[in-house]
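**Q** Got a structure here, written out as structure tokens. Questions coming.
The values are calculated or read from the model by the stated rules, or taken from the named source; none is laboratory data. Since this is a predicted model, take the numbers as computed values, not measurements. When we count neighbours, we look across all protein chains shown, and the Cβ atoms used for this are built from the backbone with ideal geometry, even at glycine.
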There are 2 protein chains.
Amino acid sequence: MNTHGTPDALDRIRHVAIAVPDIASAVAWYTSTFRCTVAYQDASWALLDFDNLQLALVIPEQHPPHIAFGSKEAEKFGALTSHRDGTRSIYVKDPAGNYVEIMAAD
Amino acid sequence: MNTHGTPDALDRIRHVAIAVPDIASAVAWYTSTFRCTVAYQDASWALLDFDNLQLALVIPEQHPPHIAFGSKEAEKFGALTSHRDGTRSIYVKDPAGNYVEIMAAD
């Protein structure tokens, strides 16, 4: 059983980050193309809220494109780094070399 | 108002597809690392169910990595292609050149 009271709940994907060279123009395109809202934006990255997921737009020189998964077992991958928003996570790579952020599910 | 009866619902991200050179080893890694289930798998791609999203693993020679968004206005981007599973979509690129699949929200 997990904290949701269900025995076999699936892990949640927290956000997906893709590379764009210019944050402002990418935010303008995504917010005009889709129904989404801007949760955060500065010159190096932005975070857009969709119904079921957050989409991060990142300048590749500062942040690697990645997918962030919530996991109750994040600590088993190593020491977690605490972020300013209170989340804790560690970056690993899948067998193909894709960056994967594993976030504590708390 | 939309079909959900709410005036300002956000669009839903339907799936995210990332490139892996070997489907079987990627499926093995993701299913052993996270709580997810295999919805489909063959030699060229696989589809994993997470709580809020499907993650597609694709061989890059056959499928471009992309993010698929549901939209009630998919048709305005051009003629939609019908797929075997009944979905209809069109591929476009964002200003950064990332592939974006726009799927009819029906």
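**Q** Take A:Asp85 and tell me if it is free of Cβ contacts under 8 Å to residues at least 60 places away in the same chain, over 17 Å from B:Thr31 (Cα atoms) and not small (Gly, Ala, Ser).
**A** Details: free of Cβ contacts under 8 Å to residues at least 60 places away in the same chain: yes; over 17 Å from B:Thr31 (Cα atoms): yes; not small (Gly, Ala, Ser): yes.
Spelling it out, A:Asp85 is indeed free of Cβ contacts under 8 Å to residues at least 60 places away in the same chain, over 17 Å from B:Thr31 (Cα atoms) and not small (Gly, Ala, Ser).
**Q** Can you tell me how many residues within region B:9-19 are of a type outside the set (Val, Ile, Thr) and in a strand (DSSP E or B)?
**A** Of the residues in region B:9-19, the ones of a type outside the set (Val, Ile, Thr) are B:9-12, B:14-15, B:17, B:19.
Among the residues that remain, those that are also in a strand (DSSP E or B) are: B:14-15, B:17, B:19.
Residues meeting the conditions: 4.
**Q** Can you name the residue in region A:40-75 that is among the hydrophobic types (A, V, I, L, M, F, W, C) and more than 13 Å from the chain's Cα centre (by Cα) and is also surrounded by the fewest Cβ atoms within 10 Å (Cβ to Cβ) among such residues? It would help to see each step written out before you state the result.
**A** The initial filter retains those residues of region A:40-75 that are among the hydrophobic types (A, V, I, L, M, F, W, C), namely A:43, A:45-48, A:50, A:53, A:55-59, A:67-69, A:74.
Add one more test, that the residue is more than 13 Å from the chain's Cα centre (by Cα), and what stays is A:43, A:59, A:74.
Numbers: A:Ala43: 10, A:Ile59: 16, A:Ala74: 19.
That would be A:Ala43.
**Q** Given the conditions (1) loosely packed, with under 15 Cβ neighbours inside 10 Å; (2) closer than 20 Å to A:Ala96 by Cβ; (3) more than 10 Å from every other protein chain (Cβ to nearest Cβ); (4) not charged (D, E, K, R), report the number of the one that B:Ala28 does not fulfil.
**A** Here B:Ala28 clears every test but (3).
**Q** Could you tell me whether B:Ser89 is modelled with pLDDT of 95 or more, within 12 Å of another protein chain (Cβ to nearest Cβ) and surrounded by 15 or more Cβ atoms within 10 Å (Cβ to Cβ)? So that I can check it myself, show each step before the final result.
**A** Details: modelled with pLDDT of 95 or more: yes; within 12 Å of another protein chain (Cβ to nearest Cβ): no; surrounded by 15 or more Cβ atoms within 10 Å (Cβ to Cβ): yes.
It is false that B:Ser89 is modelled with pLDDT of 95 or more, within 12 Å of another protein chain (Cβ to nearest Cβ) and surrounded by 15 or more Cβ atoms within 10 Å (Cβ to Cβ).
**Q** Let me ask something else about it. Taking into account only those residues within region A:32-86 that are out of contact with any strand residue (DSSP E or B) (no Cβ under 8 Å at 6 or more places or on another chain) and acidic (Asp, Glu), which is farthest from the other protein chains (Cβ to nearest Cβ)?
**A** Out of the qualifying residues, it is A:Asp85.
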